[in-house]
Structures are given as structure tokens and as C-alpha cells.
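Q: Structure in C-alpha cells, see below.
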Amino acid sequence: TVTADVSGSQGALEDKQYLTVDNHVGSPFQDRVYVTWTHYDFVANTAVIMESYSKDYGETFSAPHPVGFTGGTQLCPYPIGLASAEGSCDNNQFSQPFTAPDGTLYVVWDNYNGVLFPSSGAPGASAKYQVLISKSTDGGETFSPPQKVSDYYELPDCAAAQAGNDAGRACVPEK
């Protein structure tokens with residue numbers, strides 16, 4: 001069962017649920033409903049993309065499956081989780097699932113494990129992040145290791161660029 005614990009009452013928050021339906025005629029997973037979301041675990045200090053599917057038009061859903069959390073990858077050198085293995089992609093958000101005509105499920109998402117956060121004050125810290133993708137060829141049961149799609153840059157928080165003003169908003173730094 002897929003549930004949204006919007007209160008975070010279990011030390012977790014299930015956030016940003018997005019879905020797709022395999023509507024490709026002849027696909028081995030035709031009419032399967034896929035849902036992806038970010039599982040924020042406040043105890044482990046992780047944000048992992050999860051996926052669940054329905055084979056019966058949304059009546060029931062599979063157990064959740066982690067997407068792209070493969071440890072040891074060079075894409076994610078800075079894990080944030082308390083017990084995450086080196087290289088774990090454990091700081092993710094904004095997943096978007098989609099299907100191909102052959103039934104392959106793709107999930108693309110934003111990842112923040114590629115650089116140290118600007119707030120860390122570490123040398124070389126920047127707002128350069130990455131978009132990752134993983135695929136499932138078995139109807140959402142298992143996923144390939146993540147691959148990088150692209151880098152992107154986020155605008156800094158206005159408070160950092162404007163002497164504490166407009167906190168929580170992204171803005172172009174003033175000269």
C-alpha cells in the first residue's frame with residue numbers, strides 16, 4: 001500500500017508523489033500504474049527515491065522499491081545518511097517516472113550528493129547539482145544503477161546573497 005505520511009509522524013515523510021501509466025499497446029506491462037516519491041527518513045538522515053506499482057488499475061500496490069540508491073557509485077561521493085555507504089545516492093528529490101514502448105520504466109530525479117553543500121563552507125562548495133536516471137526492465141521490481149543525465153545549478157538563497165533578507169527565496173546575487 002502506498003501512503004502519504006504528511007505529518008512525518010513516524011520519523012519519515014513521504015513527499016512529492018508522481019505517477020505514470022504504461023499506456024503502450026503491446027508492452028509487457030501495459031496498464032501498470034507506477035508511483036515514485038521521496039522517502040525522507042529523519043532518523044537515518046536520508047532522502048531516497050522509492051517506487052511502487054499496481055497491476056490491477058490502482059486497487060493494490062506492490063511493496064516499495066528503492067530507486068538509484070546503489071552504494072559505491074562515483075556519482076554520489078558525499079552521502080548524507082548516518083549509516084550510508086560511501087557513494088550512496090541518498091539525497092534525492094523531484095522524481096519523475098515515465099515508460100517506453102517496450103515496457104521499460106525510467107525514473108529521473110534531482111540528486112545533491114555530487115558536491116558539498118554551499119552552507120558547509122567547505123572549499124569548492126557550490127550549488128552545482130545533478131540529474132540522475134535509473135531504469136527498470138522488469139516492471140518496477142528492480143532498478144539499474146543510476147546514471148548522470150546532466151549537471152545543473154541552483155540559484156543561491158537570497159539570505160546568503162542579500163545580507164539575510166528574503167530567506168527561503170532563490171535569487172540572482174546582487175552586485
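Q: Regarding the range 19-41, can at least one residue be identified that is open to solvent by less than 20 Å² (accessible area, probe 1.4 Å), modelled with pLDDT of 95 or more and hydrophobic (A, V, I, L, M, F, W, C)?
A: Checked against the condition, which is being open to solvent by less than 20 Å² (accessible area, probe 1.4 Å), modelled with pLDDT of 95 or more and hydrophobic (A, V, I, L, M, F, W, C), the range 19-41 yields at least one hit.
Q: Then there is this: Could you check the range 135-152 and list, in sequence order, the residues that are buried (at least 18 other Cβ atoms within 10 Å of the Cβ) and either β-branched (V, I, T) or closer than 20 Å to V115 by Cα (or both)?
A: Across the range 135-152, the qualifying residue is only P146.
Q: Could you list, ordered by first residue, the pairs with Cβ atoms under 7 Å in which the first is in the range 141-156 and under 20 Å from F69 (Cα atoms) and the second is open to solvent by 80 Å² or more (accessible area, probe 1.4 Å) and in a strand (DSSP E or B), at least 6 apart or interchain?
A: Qualifying pairs under 7 Å: F143/K135; S144/K135.
Q: Next question. Can you tell me which of (1) touching a strand residue (DSSP E or B) at 6+ places or on another chain (Cβ under 7 Å); (2) farther than 22 Å from P145 by Cβ; (3) modelled with pLDDT of 95 or more is the one P64 doesn't meet?
A: Looking at each condition in turn, P64 falls short on (2).
The values are calculated or read from the model by the stated rules, or taken from the named source; none is laboratory data. Given the structure is predicted, the values throughout are model-derived calculations rather than measurements. Note that we place each Cβ from the backbone using ideal geometry, even for glycine, and neighbour counts take in every protein chain shown. To get the accessible areas, we keep the full protein, side chains included, count just its heavy atoms, and leave off ligands, DNA and RNA. Shrake-Rupley method; radii C 1.70, N 1.55, O 1.52, S 1.80 Å.
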